[in-house]
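Participant: The structure's right below; bear with me while I get my questions together.
No value in this document is a laboratory result; all are computed from the given coordinates. Owing to the predicted nature of the structure, the values given are computational and were not obtained by experimental measurement. Counting neighbours? That spans all protein chains shown, and the Cβs are built from the backbone with ideal geometry, glycine included.
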Amino acid sequence: MQLKKFLSSDLKLGIMAGGQLGKMLIQEASKWDIKTYVLDPDEHCPAGGIASVYVKGSFKDFNDVYNFGKQVDLLTYEIESINIAALHKLKQEGLEIIPDPSVLEMIQDKGLQKEFYRDNGIPAASFRLYNSKNDILDAIVVNEIQFPFIQKLRKGGYDGRGVAVINDEYDIKSLLEGASVVEQKVEIEKEIAVIAARNEKGDIRCFPTVEMVFDSSANLVEKLVCPSGIPEDLSDKAKNIAAKVIDKLNMSGVLAIEFFIDKQGSILVNEMAPRPHNSGHHTIESVMTSQFEQHLRAILNLPLGSTMLKMPSVMVNLLGEKGYEGPVRYQGLDETLAIEGVNVHLYGKKITRPYRKMGHVTIIAKSADDAAAKAGIVKNTIKVKSWKENS
Ligand SMILES: Nc1ncnc2c1ncn2[C@@H]1O[C@H](COP(=O)(O)OP(=O)(O)O)[C@@H](O)[C@H]1O
Ligand SMILES: [Mg+2]
């Protein structure tokens, strides 16, 4: 049914929410003349200005999500913290929601996610579930939990929030309150990611493996390198696991999977997200089909596009500079744009804050090393500041 509407340019695609991923999804949808509806509480959100229709409301609120769903033909999302009860009701009433709400519901809970990996033979760090901080303290006393370990709140965490690294008893003060996963601390050599896509017919394609390099002070991806530079057999292993996971989930759309490679060279799934993902920003310029177009192809049950790498790339986030908060002012854009292979994406957020994701730059070059060298220059040239300096 949605395909017919797509072919006649009548399709109304609903997207929750209106962040940068929503904006980039709309940029691709507009190539195919799809009408896009966006739900977001902030009328100045990145996607608000380019959606065909912006709807003010919270993706966490039952009525807002339900009423939004009633206006569209097909509903998808670029964020995970959506009101699930509203999605279930909309689905019951016949709305197509892709990926399926049941997949989102499982992924919203890191405990259920870990159980899914365990039950399906997907390699991941071993874990236990606890209902509260007190239960974790009790388990430490009886030696059921040993240091070092990682505590993750089952729900609501993102960008490192909701994750506590407990190396020894002195870190116990950092334990978080709430139902949690406690998992073994992995000796991480590298963090990599693979984005898989699947359509309803069951076709699956995986994007090239990327390496994620983290900025430890911001707990955000500092740069993304593609191809990842890990041995090809490891990269193939990651892609095979990604394909197995998306198949077991029986889902349509794109699914981003983050992995650890440990010091022994073993590969472990860390977590997944059933939506376009920041680890796929570079696909816009460096891969035959971007993750956003792939998501549209997948949710419309169209043939999936080629995931062949056109050119190596490095992606760097443009984060708000420390010490600046207020209306944004970009510095060094002109010098940056003079560099060959530089692609600047500004999300359109009006206010900058320290470490806020304000944009990204993808540099494509003949080799990943060349791209990385240019990325270093870009990082030192573009600064996201404000007129006002706070300290
Ligand atoms: N079991 C683990 N062992 C070691 N480091 C971990 C482990 N789990 C998470 N981390 C570190 O914490 C970061 C954030 O954890 P993650 O589960 O990805 O949460 P988020 O939802 O905040 O991205 C990871 O990217 C990784 O660097
Ligand atoms: Mg993560």
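Participant: Give 349/383; 5/70; 114/223 a once-over and call out the pairs whose C-alpha atoms are over 22 Å from each other. Walk me through the numbers on the way to the answer.
Facilitator: Numbers: 349/383 15 Å; 5/70 16 Å; 114/223 27 Å.
Pairs exceeding the cut-off: 114/223.
Participant: May I pose another question? Have a look at 126, 156, 140 and report the one farthest towards the positive end of the charge dipole of segment 126-184, computed about the Cα centre with Cβ charges (Lys/Arg +1, Asp/Glu -1).
Facilitator: Among 126, 156, 140, the one farthest towards the positive end of the dipole of segment 126-184 is 156.
Participant: Roughly how big is segment 188-386's charge dipole about its Cα centre, with Cβ charges of +1 (Lys, Arg) and -1 (Asp, Glu), in debye to the nearest 20? Provide the component values of the computation, followed by the final result.
Facilitator: Values: 25 positive and 23 negative charges, 128 e Å.
The calculation lands at about 620 debye.
Participant: Only Lys, Arg, Asp and Glu count, each charged at its Cβ (+1, +1, -1, -1), so figure out the dipole size of the chain about its Cα centre, rounded to 20 debye.
Facilitator: 820
Participant: What's the magnitude of the charge dipole for segment 268-391 around its Cα centre, counting Lys and Arg as +1 and Asp and Glu as -1 at the beta-carbon? Answer in Debye, nearest 20.
Facilitator: On the way: 16 positive and 11 negative charges, 95 e Å.
With Lys and Arg at +1 and Asp and Glu at -1, about 460 debye.
Participant: Follow-up. Could you tell me the center-to-center distance, by alpha carbons, between segment 296-363 and segment 13-60 in angstrom?
Facilitator: About 17 Å separates the Cα centre of segment 296-363 from the one of segment 13-60.
Participant: Hey, another quick one. Go through 3, 71, 24 and say which Cα lies farthest out towards the positive end of the charge dipole of segment 2-97; charges sit on Cβ, +1 for Lys and Arg, -1 for Asp and Glu.
Facilitator: The one lying farthest along the dipole's positive direction is 3.
Participant: Averaged across orientations, what area in nm² does the convex hull of the alpha carbons in segment 126-184 project?
Facilitator: Working: hull surface 14.3 nm².
So the Cα hull casts an average projection of 3.6 nm².
Participant: How big is segment 30-89 by Rg and Dmax over its Cα atoms, in Å?
Facilitator: Cα radius of gyration and Dmax of segment 30-89 are 11.3, 33 Å respectively.
Participant: Return the tail of the calculated pair distribution for segment 188-386, meaning the percent of Cα-Cα pairs more than 20 Å apart. Write down the numbers at each step before the final one.
Facilitator: On the way: 11108 of 19701 pairs.
Taking all Cα-Cα pairs of segment 188-386, the fraction more than 20 Å apart is 56 percent.
Participant: Then there's this: Which order do the peptides 105-114, 249-258 take when ranked by the mean count of other beta-carbon atoms within 10 Å per residue, highest first?
Facilitator: Details: 105-114: 19.0, 249-258: 23.5.
The packing order, highest mean first, is 249-258, 105-114.
Participant: Oh, and also: How many percent of the alpha carbon pairs in segment 297-391 exceed a separation of 20 Å?
Facilitator: 46
Participant: Determine which aspartates and glutamates satisfy two conditions relative to residue 263: a Cα distance under 14 Å, and not lying fewer than 8 residues away in the same chain.
Facilitator: 187, 189, 191
Participant: How big is the Cα convex hull of the chain in projection, averaged over all directions, in nm²?
Facilitator: Across all orientations, the chain yields a mean hull projection of 19.7 nm².
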